[in-house]
Structures are given as C-alpha cells and as structure tokens.
Amino acid sequence: MTTEHTPVPWRRRRPNGHKPMDVDAYLVYASGRRGEVPVAMVTYTGHEDANAAFIVTACNSHDALVAACRAAYQCDHNKPYPAEVLGKLGAALAKAEPPQTTAAATAKVN
C-alpha cells in the first residue's frame, strides 16, 4: 500500500451524464496512470453536488494549506509574519475557501 494520494487536481461530475444505480450521485475523479479515474462517489445526502465540490476543494488545496501552515509555524512568533509567509497563507486560504458573493464577504468583515 502506498502512502501517496492520487495527484491533484481532482474534479467532480455526474458519471457519463446519468445517474448510476438510479440515485443522485456525483463522482470525484483524479488523473491516474490510466487516465482520469473515479476515486469517490457521493450519494444519498441531498447535497451530492456540494459535498463532491467540498471533497474536490479540500483535496486540491491540501498541499498549499500544509505548506502555508508549515511556513507560519517555522516563523519567529515574537515578530510579525514576513510578507512571503502572509502571501502563502492568503493564497492557500483563497484556494481552500469557496467563492463568496460580495454581500457575504462584506458581512464576514463587519
């Protein structure tokens, strides 16, 4: 068994444009040695699309979040974070967070 996951980016879509097994489902795909292969199926929740999107976003942003956290952790915590570390943190968060509407972003700030 390997400890490495299938490389990103991962994607989501309905399998072949239809419902497998007569249920609402989305498949999460990754690029493997044999091309694009399904790695997960999301069903029976009533939120299949959103849950599949969450899985894809989490997987695709994982490495950037770990790298940004590692950079922040290695900083001198008695000084402000360097601009390079803040840039990594901001980019990782932007990749991990779903897009927000202007109203939602404004409400979050206020």
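Conditions (1) under 20 Å from residue 13 (Cα atoms); (2) free of Cβ contacts under 8 Å to residues at least 40 places away in the same chain; (3) within 12 Å of the chain's Cα centre (by Cα); (4) not in a loop (DSSP other than H, G, I, E, B), marked per residue:
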residue: 51; (1), (2), (3), (4): yes, yes, yes, yes
residue: 57; (1), (2), (3), (4): yes, no, yes, yes
residue: 69; (1), (2), (3), (4): no, yes, no, yes
residue: 78; (1), (2), (3), (4): no, yes, no, no
residue: 89; (1), (2), (3), (4): no, yes, no, yes
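This table checks each residue for (1) modelled with pLDDT of 85 or more; (2) surrounded by 13 or more Cβ atoms within 10 Å (Cβ to Cβ).
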{"position": "3", "(1), (2)": "no, no"}
{"position": "13", "(1), (2)": "no, yes"}
{"position": "21", "(1), (2)": "no, no"}
{"position": "24", "(1), (2)": "no, yes"}
{"position": "37", "(1), (2)": "no, no"}
{"position": "54", "(1), (2)": "yes, yes"}
{"position": "76", "(1), (2)": "yes, no"}
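Consider region 91-110 and keep the residues that are of a type in the set (S, T, N, Q) and assigned to a loop (DSSP other than H, G, I, E, B). The one that is modelled with the highest pLDDT is 100.
The values are calculated or read from the model by the stated rules, or taken from the named source; none is laboratory data. What you see is a predicted model; the values in this text were computed from it and never measured. Virtual Cβ from ideal backbone geometry, glycine too; neighbours counted across all protein chains shown.
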